[in-house]
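The values are calculated or read from the model by the stated rules, or taken from the named source; none is laboratory data. Keep in mind that what you see is a predicted model, and the values were worked out from it rather than measured. Cβ: placed from backbone, ideal geometry, glycine included. Neighbour counts: every protein chain shown. In case anyone asks, the SASA skips ligands and DNA or RNA and just uses the protein heavy atoms, side chains included. Shrake-Rupley method; radii C 1.70, N 1.55, O 1.52, S 1.80 Å.
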There are 2 protein chains.
Amino acid sequence: MAVSVTIVDVAKAASVSIKTVSRVVNKEANVRPATREKVLAVIERLHYRPNLSARGLAGKRSYMIGLLYDSPSPSYLANLQAGVLEACQDVNYGLALRPVAYGDAELCTKVIDWLRHTMVDGVLLTPPLCDSVALIDAIKDAGVPCVVVSSTGPGSVPAVMIDEKEAARQMTQHLIQSGHRSIAFIKGHPDHYASKQRFDGFVQAMQEAALTVDTDLVKQGYFDFSSGKKIGEDMLNTHSHPTAIFASNDDMAAGVIHAAHRLKLSVPGEIAVAGFDDTPLSRQIWPSLTTVRQPIRRIGQSACDMLLASIADGGCQNADTSTIEQLDFELKIRGSSAPE
Amino acid sequence: MAVSVTIVDVAKAASVSIKTVSRVVNKEANVRPATREKVLAVIERLHYRPNLSARGLAGKRSYMIGLLYDSPSPSYLANLQAGVLEACQDVNYGLALRPVAYGDAELCTKVIDWLRHTMVDGVLLTPPLCDSVALIDAIKDAGVPCVVVSSTGPGSVPAVMIDEKEAARQMTQHLIQSGHRSIAFIKGHPDHYASKQRFDGFVQAMQEAALTVDTDLVKQGYFDFSSGKKIGEDMLNTHSHPTAIFASNDDMAAGVIHAAHRLKLSVPGEIAVAGFDDTPLSRQIWPSLTTVRQPIRRIGQSACDMLLASIADGGCQNADTSTIEQLDFELKIRGSSAPE
DNA sequence: CCGGTGATTGACAGCGCTGTCAATCACCGG
DNA sequence: CCGGTGATTGACAGCGCTGTCAATCACCGG
């Protein structure tokens, strides 16, 4: 590897001790402004970058955070990751990725093992991992700060999310206002807490409009295309199908639209469809999909910032003050629910 | 952070020196089998995992590899990354992600700076980054091994790819065999070498079938949905449009299909469409898309294995012996080119 | 049984940084 | 001008590992 400038080089060039350079680099207090300036100038001139391995070894911290996920949709992962990376770069933190399987019986053991091994300073949890009380407790026990991405049911951990229930309620209202009365709902994966919230929002809107939630029109999906397609085919293959279907995410909604095409039903004429997430897919299918936009990238960034802040705070053992940050969502009304 | 078992603990428990433990961990030669067994047993029992920071600091290596990319499609990134992570996990290597902008004037400087800073032992380059001779040279100069994902034009670096040209040729043959004579082609992003190869394959197949490549039917796209849609609209909006369109990737093909729907043309009846990549999208749109399947995940894994091998090899300065590994592709014939 | 060879093992320095603690400094009130 | 206080700075140990090199071992042929 190419040789690097070390802290010693900077210290010599600035005529201070390495400890002082270290203080400046770590933005510690009690460094005279003049000294700080001088050191910063040298750092800039020499392009000094602290060695992460050395920092990790010497300090208590590894300057890495972990991102745990279980097969999210590619676009979710890509966006989230982009946001997290951005936040990390600002403070020179590294990101360690860790794909896991939610169903794994040894999930907790494996994760804890990994925490010990990588020494990450904190972890970001994505759905449905954040809905495992056991996992969250294990991470807490290990003394590793953690922030949850998206809504979380049980456990009290800091989280960044949108108001899933309200979003689903507004989307349902949109369908009702468009004249639909017989509206079906495809629930999301039962492991995800967000599934419940989205369903709750749907129910609330229906009740507010004095419409009955027909249990025959509520189906259990799994957030994937094929479950949406299957359910869509079943539902639409009757002469008295609903006039609108609200699927809990875009992949399932795409499945419904696929089924509609196959059955030669026009969308939105004979069947209106709405999804959730605003994935790229939602703009690429025909007709383009009415959906709820979640700022995944910003959610990732905020969650990461929150995590980094709690790491900087030190232990931050006060798990009670679990802050919740809510970001804005946006209804995207497109061709699948209204003629273009 | 939770306390960990160190090499000293293992050494004591196994009654050997830490150096011997180190040898076993690093699979070095010249350790008596009996000793190796004994140490391995203790490692297993104590759940010992070497501290990455310490290894990085003490050794010449950082036990990390880098993945450079410039806004690839989410599914490409997710799959590639999954493959790379798998390969890394096998040998306990870490992965550092680095999104960059191909167009950035300071690209090389930034990348080299990053290499120095992270001390990664090697880098994986994705398109179109791997098509920048300047970048590859800079990385070589820095003495960092690198492997290229997907085909690469200039520069001689190890690479893992599919035979893009042959794949495009076969896809074109499929369209010809389906009876099409007037076939349009949408080229990929000009920065990507693969774009050229796919086009070459198309031209070859046309020539082999004694068909003319009508320059009016060859358009420049940019691998994104909107360029495909735009070109599709322009092309299909004439009374004498081609009967088939081969787009250089799935996103553009989806754009063409979107345009066809909008113009109320039936696919594949009035216009057949083929894409390239077999992204999830290709199965989710209607009709599902005929495309070429690239084993992205396995490409990532192989590329990573290759990189790890060349790192283990030591310097591996012999850039001449640039190995090329070709994986199999597969034609996926679906509804967009043949009635379901 | 002896010296020689290569395999096996260990002692020790040092990678570049942070934490601890002591030394020094600047500046205050009396 | 003096002692006292808190801000500022630096000396030094040590984080857990690998690289170097020397010591020791096993085993060979004569």
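Here are some notes:
- When the test is whether a residue is open to solvent by 20 Å² or more (accessible area, probe 1.4 Å) and either out of contact with any His (no Cβ under 8 Å at 6 or more places or on another chain) or in contact (Cβ under 8 Å) with a residue 60 or more places away in the chain (or both), residue A:87 does not pass it.
- Filter pass, residue A:124 being at pLDDT 95 or above, outside the structural domain of residue A:198 (by TED's automatic domain parsing) and open to solvent by less than 30 Å² (accessible area, probe 1.4 Å): yes
- Residue within region A:105-114 that is within 19 Å of the chain's Cα centre (by Cα) and aromatic (Phe, Trp, Tyr) present: no
- When B:16, B:42, B:24, B:84 are checked against the criterion of being more than 8 Å from DNA strand D (Cβ to nearest atom) and under 27 Å from the mean Cα position of the chain (by Cα), B:84 stands alone in meeting it.
- All conditions but one from (1) within 14 Å of chain B (Cβ to nearest Cβ); (2) within 11 Å of DNA strand C (Cβ to nearest atom); (3) surrounded by 15 or more Cβ atoms within 10 Å (Cβ to Cβ) apply to residue A:59; the one that does not is (3).
- Taking region B:287-312 as the range and being over 21 Å from the mean Cα position of the chain (by Cα) and assigned to a helix (DSSP H, G or I) as the test, only B:312 passes.
- Residue check, residue A:131 surrounded by 23 or more Cβ atoms within 10 Å (Cβ to Cβ) and out of contact with any Cys (no Cβ under 9 Å at 6 or more places or on another chain): yes
- Residue list for region B:253-286, restricted to those being surrounded by 24 or more Cβ atoms within 10 Å (Cβ to Cβ), within 11 Å of chain A (Cβ to nearest Cβ) and not in a helix (DSSP H, G or I): B:279, B:285
- Scanning region A:228-252 for residues that are part of a helix (DSSP H, G or I), under 28 Å from the mean Cα position of the chain (by Cα) and either touching a residue at least 40 places away in the same chain (Cβ under 8 Å) or surrounded by 24 or more Cβ atoms within 10 Å (Cβ to Cβ) (or both) yields a total of 6.
- Qualifying residue in region B:98-115 (condition: of a type in the set (Ser, Thr, Tyr) and away from DNA strand C (no atom under 16 Å from the Cβ)): yes
- Among the conditions (1) part of a loop (DSSP other than H, G, I, E, B); (2) outside the structural domain of residue A:256 (by TED's automatic domain parsing); (3) not aromatic (Phe, Trp, Tyr), the only one that residue A:212 does not satisfy is (2).
- Inspection of region B:152-169 identifies at least one residue that is in contact with a strand residue (DSSP E or B) (Cβ under 6 Å, 6 or more places away or on another chain), of a type in the set (S, T, N, Q), in contact (Cβ under 8 Å) with a residue 24 or more places away in the chain and outside the structural domain of residue B:267 (by TED's automatic domain parsing).
- Residue identified as more than 11 Å from DNA strand D (Cβ to nearest atom), open to solvent by 40 Å² or more (accessible area, probe 1.4 Å), of a type in the set (Gly, Ala, Ser) and assigned by TED's automatic domain parsing to the domain that holds residue B:95 among B:71, B:75: B:71
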